[in-house]
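Inspection log for the structure reproduced underneath, given as structure tokens.
The values are calculated or read from the model by the stated rules, or taken from the named source; none is laboratory data. The shown structure was predicted, so the numbers you read here are calculated from the model rather than taken from an experiment. A quick note on method: Cβ atoms are made from the backbone with ideal geometry, for glycine too, and the neighbour counts reach across all protein chains shown. Accessible surface is based on the protein model in full, side chains and every heavy atom, while ligands, DNA and RNA are left aside. Shrake-Rupley method; radii C 1.70, N 1.55, O 1.52, S 1.80 Å.
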Amino acid sequence: MATSRLHAVAGLGQSIWIDFLSRELVQSDGLERMVEAHAVTGVTSNPTIFQKALAESSLYDTQLAGAAAQGASDEEIFIALGSTDVADACDVLRPVYERTAGEDGYVSFEVDPMLAYDVEATVSEAERLHADIDRPNLYVKIPATKPGLAAIEEMIAKGRSINVTLIFSLQRYREVVESYLRGLERLVAAGGNPERVSSVASFFVSRVDTEADRRLDALGGHDELNGTLAIANAKLAYQHYVETFAGERWEFLVSKGARPQRCLWASTSTKNPAYRDVRYVEELIGPATVNTMPAETIEAFQDHGRAAATLTQGVDEAQRTVERFAKAGVDYDSVTDVLEGEGVEKFAASFHELLAGIAEKRASILVA
């Protein structure tokens, strides 16, 4: 078995996932190699990732042309192309899923981000993706908007595994966890089996510092706070995880076979070049968590990352950090509200760009 810095992180109880997926990665055995070399046990994806993969590869052309010839819309073509990649990646990671008894080995596919504020449409799309791809190690991603909370609860109650994405605030994270618990309770009450239901709560990290630092710079005189809110935010979220997945309510669900909803650290590449390039990995290592990384962060950590259990260190200081931001005049709720709105908008824009790319490629293939 290969050993590396990321294997050491995995040894501390944190799962290593990647936040990129392409047909080339799967068909070239690249994903299998990452499992071995980098301790990778899962994959997340989104419209931006698929747009990049489609634009850079001709491996999609035959399937795209066939779907276009049958009169499929651009969105239907995307679902077909993306579902193929996700299903194949699920098959590659199936041994991981089996080896970890369903804890890892998942691949995520996101619902149309333009449905983020429509509960019924989100549930319908999530059900369709689960039915079409039909893999036990599939996560369907649902954004943690206010309407998304109801969709998350509904899908968990239906016995489906969900990756809850675009979480920025502690309050929204608490609501996400509550939706998960209520969904499990409804599932159990209806006679369902929660043993094969899994979920992660994807807490976005580096973007919090980007927005908070921008506001600090505008205020001036608070340089000591730069680059501190995102880590504090994540550490406080993990404390809520520890407190919630314990006690009588949770133990009842455990007795029925339920699994805790793990925290997943997303957006872990460092946006500010002044910060250490692996800080959002090094400072958030802890048990029963996931860190999903882009390729450059994987490479950087393997080169010079430090593996140590850091997630539960400095929790009191994390709370004080949030309080210091308030005293400095940075409205925490405003920061996280802006980030949620921007997150949905960015994914929707990427989805539009993806569909435009499909239309362009479709036209060029059919003309040829």
**Asked** What is the Cα centroid distance between the stretch 1-51 and the stretch 78-109, reported in whole angstrom?
**Response** 12 Å
**Asked** Using a simple spin-label model with points 7 Å from Cα along the Cα→Cβ vector, what separation in nm is obtained for residue 178 and residue 100?
**Response** 2.9 nm
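Arranged from highest to lowest average of other beta-carbon atoms within 10 Å per residue, in what order do the peptides 39-45, 327-333, 346-352, 288-294 appear? Don't skip to the end; give the middle numbers.
Working: 39-45: 25.1, 327-333: 14.4, 346-352: 17.1, 288-294: 21.7.
For the peptides 39-45, 327-333, 346-352, 288-294, the packing ranking is 39-45, 288-294, 346-352, 327-333.
Treat every Asp and Glu Cβ in the chain as -1 and every Lys and Arg Cβ as +1, leave all other atoms uncharged, and give the resulting dipole magnitude about the Cα centre to the nearest 20 debye.
Values: 35 positive and 56 negative charges, 141 e Å.
About 680 debye.
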**Message:** With every protein chain kept in place and ligands, DNA and RNA left out, what is the accessible area per residue of the chain? Probe 1.4 Å, answer in Å².
**Reply:** 41 Å²
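Set the Förster distance to 30 Å, then compute FRET efficiency between residue 323 and residue 8 from the Cβ-Cβ distance, nearest 0.05. Don't skip to the end; give the middle numbers.
Numbers: r = 34 Å, r/R0 = 1.13.
That gives a FRET efficiency of 0.35.
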**Asked** Roughly how many percent of the accessible protein surface of the chain is carbon and sulfur, given a 1.4 Å probe and a whole-percent answer?
**Response** 50 percent
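Take every Cα-Cα pair in the stretch 279-321 and report what % of them are more than 18 Å apart. Spell out each step's value before the answer.
Details: 290 of 903 pairs.
So the pairs more than 18 Å apart make up 32 percent of the total in the stretch 279-321.
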**Complete:** Lys and Arg at +1, Asp and Glu at -1: neighbours of residue 146 with Cβ under 12 Å from its Cβ sum to -3
**Prompt:** Which FRET efficiency value, to the nearest 0.05, do you get for residue 243 and residue 75 by plugging their Cβ-Cβ distance into 1/(1 + (r/R0)^6) with R0 = 30 Å?
**Reply:** 0.15
**Message:** Please compare each pair in 256/346; 235/361; 235/327 to a cut-off of 32 Å on the Cα-Cα distance and tell me which ones are over it.
**Reply:** 256/346; 235/361
**Asked** The list (1) 97, 51, 44; (2) 61, 50, 46; (3) 50, 47, 43 gives values of Cα extents along the principal axes in Å, and only one came from this structure; which label was calculated from it?
**Response** (2)
**Prompt:** Lys/Arg Cβ at +1, Asp/Glu Cβ at -1, dipole of the stretch 277-368 taken about the Cα centre: which of 329, 314, 290 is farthest positive-ward?
**Reply:** 290
**Prompt:** What is the distance in Å between the Cα centres of the stretch 118-183 and the stretch 205-227?
**Reply:** 31 Å
**Fill in**
By the mean-Cβ-within-10 Å protection proxy, highest first, 94-103, 202-211, 131-140 rank as 202-211, 131-140, 94-103
**Prompt:** If Lys and Arg each add +1 and Asp and Glu each add -1, what is the summed charge of the other residues whose beta carbon sits under 13 Å from the beta carbon of residue 273?
**Reply:** -1
**Complete:** Residues whose built amide H sits under 5 Å from the amide H of residue 293, excluding neighbours closer than 5 in sequence, are 17, 18, 19
**Message:** I want to verify a result. In a Gaussian network model of the chain, Cα cutoff 10 Å, which of these has the top mean-square fluctuation: 150, 37, 274?
**Reply:** 274
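Under 8 Å for C-alpha pairs, at least 6 residues apart: give me the relative contact order for the chain, rounded to a whole percent.
21 percent
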**Request:** Per residue of the stretch 36-50, in order, report the coupling 6.51 cos²θ - 1.76 cosθ + 1.60 (Karplus, θ = phi - 60°) as ³J(HN,Hα) in whole Hz, putting x for Gly and Pro.
**Result:** 6, 7, 10, 6, 6, 10, x, 9, 10, 8, 7, x, 4, 5, 5
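Sorted by accessible area (1.4 Å probe), largest first, how do 169, 124 line up? Please list the in-between numbers first.
Details: 169 15, 124 70 Å².
From most accessible down to least: 124, 169.
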